[in-house]
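*Asks:* Input: one structure, supplied below.
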Amino acid sequence: MLNEKVIFVAGACGRIGLALCEKLLLECNASVILADINEENLSKLEQNLAKNSTLKTKILSVKLDITSKQSLNEAITKANNHFGKIDGFVNTSYPMGKGWGKTPYYELEYEQICESLNLHLGGFMLAAQEFVKFFKKQGWGNIINLSSIMGIYAPKFENYKNTNMQSSLEYSVIKAGINHLGVWLAKELFNTNIRVNTLSSGGILDNQPASFLNAYRNCCASKGMLEAKDISGTIAFLLSDESKFMTGTNLIVADGWGL
């Protein structure tokens, strides 16, 4: 599906980023730039994937901080110098500030709100900005931002009862912003040969308590909480020429949770 394409994955060491990199390399025959802010995890990921000798020439790892223009430009330059092009950029990053998701909305300090918005939404805006600049010079490009159903729908607060979990307002605001970032860029980039799409995922399994998983499952069609690999195929489709006339879309992969 992605033969000879070069894909840059930000947040490669996260659950979704890791599953996507494996999908792109093992099933789609793409070359992949593994980008993450955590150098230790990045090294382990590269070593693990490179155990497959056929993949060694198709992998490049780069440290990346999506909140830094210098880091973004250094990573883009390194990737372009290595492979000679970058066909697509997928941002699966999940930057978190201190106390992320632990403080109830009505107890948040202004500084905490700003930190979350700056790191996550600001980081996505900055990363898209720098990749658009590169893609314009290159003459083509494809951007896919990972978002969430929490940026589209109101939370089902009842699912969180009797757990220590919460649905954070700042997370919903950030993801709603990422959704609109996609449509704004897609429209602004008409006639540039650059596409921008968004994937809004349902919840991803991460050792959540059984009571939450059961309540969440009752809101869905067949599975409930998803595994990271469950959305990788849709991202691969958006990266491929099979979706070449899709831009400004927000694909929801959530097992019917919003119905």
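*Asks:* Considering only residues that are open to solvent by 40 Å² or more (accessible area, probe 1.4 Å), over 17 Å from the mean Cα position of the chain (by Cα) and closer than 19 Å to THR198 by Cα, which ones fall in the range 134-156?
*Replies:* Passing the criteria: TRP140, TYR153, ALA154.
*Asks:* Follow-up. So which residues in the range 3-28 are open to solvent by less than 70 Å² (accessible area, probe 1.4 Å), not hydrophobic (A, V, I, L, M, F, W, C) and not in a helix (DSSP H, G or I), if there are any at all?
*Replies:* Correct list: LYS5, GLY11, GLY14.
*Asks:* Pick out the one residue from GLY122, GLY99 that is farther than 20 Å from GLY202 by Cα, open to solvent by 20 Å² or more (accessible area, probe 1.4 Å) and part of a helix (DSSP H, G or I). Explain how you work it out, then say what you get.
*Replies:* Working: GLY99 fails: part of a helix (DSSP H, G or I).
Every option except GLY122 fails the conditions.
*Asks:* Could you tell me which residue of the range 77-96 is surrounded by the fewest Cβ atoms within 10 Å (Cβ to Cβ), considering only residues that are of a type outside the set (A, V, I, L, M) and touching a helix residue (DSSP H, G or I) at 6+ places or on another chain (Cβ under 6 Å)? Working first, answer last.
*Replies:* Looking only at the range 77-96, we keep the residues that are of a type outside the set (A, V, I, L, M), and these are 77-78, 80-85, 87-89, 91-95.
Add one more test, that the residue is touching a helix residue (DSSP H, G or I) at 6+ places or on another chain (Cβ under 6 Å), and what stays is 88-89, 91-92, 95.
Working: GLY88: 25, PHE89: 27, ASN91: 25, THR92: 27, PRO95: 20.
It comes out as PRO95.
*Asks:* Of the residues that make up the range 34-52, is at least one surrounded by fewer than 23 Cβ atoms within 10 Å (Cβ to Cβ), closer than 27 Å to LYS244 by Cα and in contact with a helix residue (DSSP H, G or I) (Cβ under 6 Å, 6 or more places away or on another chain)? Steps first, please.
*Replies:* The first filter runs over the range 34-52 and keeps only residues surrounded by fewer than 23 Cβ atoms within 10 Å (Cβ to Cβ), leaving 37-52.
Subset that is closer than 27 Å to LYS244 by Cα: none.
No - not one qualifying residue is present in the range 34-52.
*Asks:* Which of the residues that make up the range 45-80 are farther than 18 Å from LEU24 by Cα, free of Cβ contacts under 8 Å to residues at least 60 places away in the same chain and among the basic types (Lys, Arg)?
*Replies:* The answer is LYS63, LYS78.
*Asks:* Moving to a separate point now. For PHE124, are the conditions met, namely being more than 17 Å from VAL6 (Cβ to Cβ), aromatic (Phe, Trp, Tyr) and modelled with pLDDT of 95 or more? If you could, list the steps in order and put the result at the bottom.
*Replies:* On the way: more than 17 Å from VAL6 (Cβ to Cβ): yes; aromatic (Phe, Trp, Tyr): yes; modelled with pLDDT of 95 or more: yes.
Spelling it out, PHE124 is indeed more than 17 Å from VAL6 (Cβ to Cβ), aromatic (Phe, Trp, Tyr) and modelled with pLDDT of 95 or more.
*Asks:* Among the residues of the range 43-65, is any more than 15 Å from GLU22 (Cα to Cα), of a type outside the set (S, T, N, Q) and part of a helix (DSSP H, G or I)?
*Replies:* no
*Asks:* Also, I was wondering about something else. Mind counting the residues in the range 184-229 that are open to solvent by 60 Å² or more (accessible area, probe 1.4 Å), in a helix (DSSP H, G or I) and of a type outside the set (S, T, N, Q)?
*Replies:* Step one: filter the range 184-229 for residues open to solvent by 60 Å² or more (accessible area, probe 1.4 Å), giving 184, 187-188, 190-191, 193, 205-207, 210, 214, 217-218, 221-223, 227, 229.
Filter again for in a helix (DSSP H, G or I), leaving 184, 187-188, 210, 214, 217, 229.
With of a type outside the set (S, T, N, Q) added as a condition, the list becomes 184, 187-188, 210, 217, 229.
The total comes to 6.
The values are calculated or read from the model by the stated rules, or taken from the named source; none is laboratory data. This one's a predicted model, so the numbers in the text were calculated from it and none came from an experiment. Quick reminder, even Gly has a Cβ in these numbers, built from the backbone with ideal geometry, and neighbours come from all protein chains shown. Areas reflect the complete protein model, heavy atoms only, side chains present, ligands, DNA and RNA absent. Shrake-Rupley method; radii C 1.70, N 1.55, O 1.52, S 1.80 Å.
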